[in-house]
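Here's the structure, in C-alpha cells; my notes come after.
Nothing in this text is a laboratory measurement; each read-out follows from the coordinates by a stated rule. It should be emphasised that the depicted structure is a prediction, and the values quoted were computed from it without experimental measurement. Because the Cβ atoms are built from the backbone with ideal geometry, glycine has one as well, and the counts that use them run over all protein chains shown.
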Amino acid sequence: MATLLSIVGAERFDVILEIAIDALGNIGDARAIEPLRALLSDPSLDAYVRDATATALGRLGAAAPATTPTTGAGVPTEGAGLGATGSGTTTGAPALTGTDSGPPPPAVEAKAGGAGGRRLSFDQLHPPPAPRIATDALAVAERLEFVASSGELGWDGGADRVRAALALGARYRRQLERPRIGYSIDAATDLDFRVIDPPRADDTSWMLQHGLRLRPELRYYPFLTDLPRLCGQVSGGLDYGFGLGSPAAALERRTSFGAVASVALGPAYGRIYDLGPRLRLQRFERVLRRSGWIDQPLDPVLANRLVASWYALRDSIGSFAQLGHALRALRESGVLAAELDAATIYRLIRVLDDPQLDERRAGYLLRLGYGYARQVVLDAADHDLGFLYASAEGAWQRSSVRERFAQLRVTWNQLERDSYAIDAEAGQRWYLYNRALDPLGVLGVSASGGISQPQDAAFEGAGIAYQVLAGGTYARYFSRGSRVEAALRAGLDRRGGLVLLTFSARYGVAGGAYAASSGR
C-alpha cells in the first residue's frame with residue numbers, strides 16, 4: 001500500500017501511474033482517497049488517467065467532485081488561458097486568413113463557470129520535473145525501444161537460395177555532449193530465428209540465435225578556442241552470440257558460441273548529435289510567427305528553457321503539459337501578450353506530437369586510430385586482431401523535411417596484412433506532411449557498397465568479396481513511440497544478383513533529446 005501511494009505521489013509516467021491508480025481502487029483502502037483526489041485536480045495529466053482516477057474513487061466510495069471535469073481533460077476549456085470560446089472564436093487574437101487559418105481545430109466544449117464550475121488553466125500545471133542535464137550540456141539524447149518483430153526475406157539469384165528470418169530485440173542509446181567531453185552508449189540484444197533453403201531440399205538449415213552488443217565511446221576535446229572540434233577518442237565493443245540449430249546436410253543439432261571484445265583509440269574531429277529538439281522548436285516558432293503572435297526569433301535563453309522542459313516531460317503521454325509549460329514560459333517572458341486562438345493551439349499540438357522530428361542527427365565526425373580485438377569461438381582457437389581504421393560520418397538536415405547522410409569506413413588488419421574491408425553508404429530522406437502538419441511518413445533512397453579481403457581467403461571462397469546495393473525505404477510513424485518500416489534493395493555480389501526485402505515494427509517505451517542553441 002505504501003509503495004502504491006508513493007508512486008501516485010511522485011510518478012508521472014502515465015502508464016505506470018494508471019496501473020497504481022487501478023490497484024488502489026481494487027484494494028479499497030480509504031488512505032488512498034486524498035492522494036487520488038489530488039491527481040484528479042492535476043490538469044497536467046491526460047484524460048484517460050483522470051478518468052481512471054475517478055473510477056478508483058468510485059470504488060472507494062468517494063465520488064469525484066462534480067466541479068472537477070475528467071472527460072476531455074487533455075483539451076483546454078473556455079477560459080483556460082488559451083483565449084478559445086465554446087464556439088471556437090477568439091478574443092484579442094489576430095485574424096487568420098487564407099491558408100493561415102489552418103485545419104479546423106478540435107471542438108472545445110465550454111464548461112459552466114457558475115455554481116463553483118472549475119476551468120482548466122495552464123497556470124495550474126505543476127512545475128516540470130528537473131531534467132538531469134548538466135548546466136553546460138550541448139546535447140543529450142536517450143532512447144529505449146523494442147523491436148516488436150522484424151522480418152527478412154531474401155533471394156540470392158546467383159546461388160538460387162532463399163533465406164528468411166524473424167527476430168525480436170531491444171535497443172538502448174544514450175549520448176551526452178559537453179564542451180570538453182562527449183560520450184555515447186549503444187547497447188542491443190536480440191533473439192532471432194533463421195532458415196536457409198538451398199536448391200536441394202535436404203540441405204535446408206535453421207538456426208536459433210541470441211546476441212548481445214555493447215558499444216561505448218568517450219571523446220575528449222582539449223582545445224575549446226583554436227581547434228574546438230579536435231578530440232581524442234576511445235571506443236570499445238563487446239559482442240556475444242549463442243546459437244542452436246541444424247546445419248545443412250547433417251543429422252545432429254549444432255551449438256555455437258562466439259564473443260568478441262575490442263578497444264580502439266586515436267584522434268577524431270567533429271561532433272554528431274540529435275538536432276531534433278531544435279527542429280521542433282523552429283517549427284513551433286514558425287507557427288507562432290506565421291500566425292502573427294511573435295515577430296522576432298526567440299531569445300536563446302528562453303529557447304533553451306523550452307527545450308529543457310520538453311526533455312523533462314519526455315516520458316509523458318500526450319502534449320498538454322509540454323504545450324502548457326511552453327506557453328506559460330512565453331507569457332512570463334513577455335513574448336506573448338494575448339491569448340492564442342484555437343487554430344494556432346491545434347497546430348502547435350501537431351508540432352509537439354510530431355514523431356518525424358525525433359532522432360534527427362546532424363554534424364560530422366572523422367576518426368583515425370588503432371584497435372585490438374580478441375575473438376573467442378566455441379571448438380576453435382582464440383583469434384587476435386590488431387587493426388588500423390579510419391571512418392568519416394556525416395548527417396545534414398536540409399530544413400525540417402529533408403535529410404542527407406553519408407559514411408565511409410576502412411579497416412586493415414595489421415596482423416594479417418591480406419585482410420581489409422571498405423564499405424560506404426550515402427542517401428537522402430524526405431519527411432512528408434500534409435497542409436495540416438500531419439506526418440505522412442518518410443521516404444528514403446540510399447546506395448551502399450563494400451569490398452573486403454577476408455582472413456580465410458586462402459580457403460573456400462578465396463578472393464576479393466564485394467557487394468553493391470541500392471534501393472528505397474518507407475517508414476510510417478504512428479506516434480512518438482511506434483513505427484513500421486519497409487525496405488526494398490537490389491544489387492549484386494560476386495555470386496550474382498541479390499534482392500532484399502525487409503520489414504520491421506518498433507515500439508519505444510521512453511525517449512527524449514535536448515540540444516542547446518549555443519552548441520558548437
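Please give the contour-minus-distance gain from residue 495 to residue 426: 0.36 nm per residue of separation, less the Cα-Cα distance, rounded to one decimal in nm.
Length gained between residue 495 and residue 426: 22.5 nm.
Under 5 Å from the amide H of residue 369 lie the amide H atoms of 389, each residue being 5 or more positions distant or on a separate chain, with H modelled from the backbone and absent for Pro and chain starts. The modelled label-to-label distance between residue 261 and residue 447, using points 7 Å beyond Cα along the C-beta direction, is 4.3 nm. Translational diffusion of the stretch 209-309 was estimated from the Stokes-Einstein equation, with Rh taken as the Kirkwood radius over Cα pairs; at 4 °C and 1.567 mPa s the coefficient is 68 µm²/s. Approximating the spin labels as points 7 Å out from Cα along Cα→Cβ, the residue 370-to-residue 464 distance works out to 2.7 nm. Note on the stretch 365-456: the alpha carbon radius of gyration divided by the globular reference 2.2 N^0.38 Å gives 1.58.
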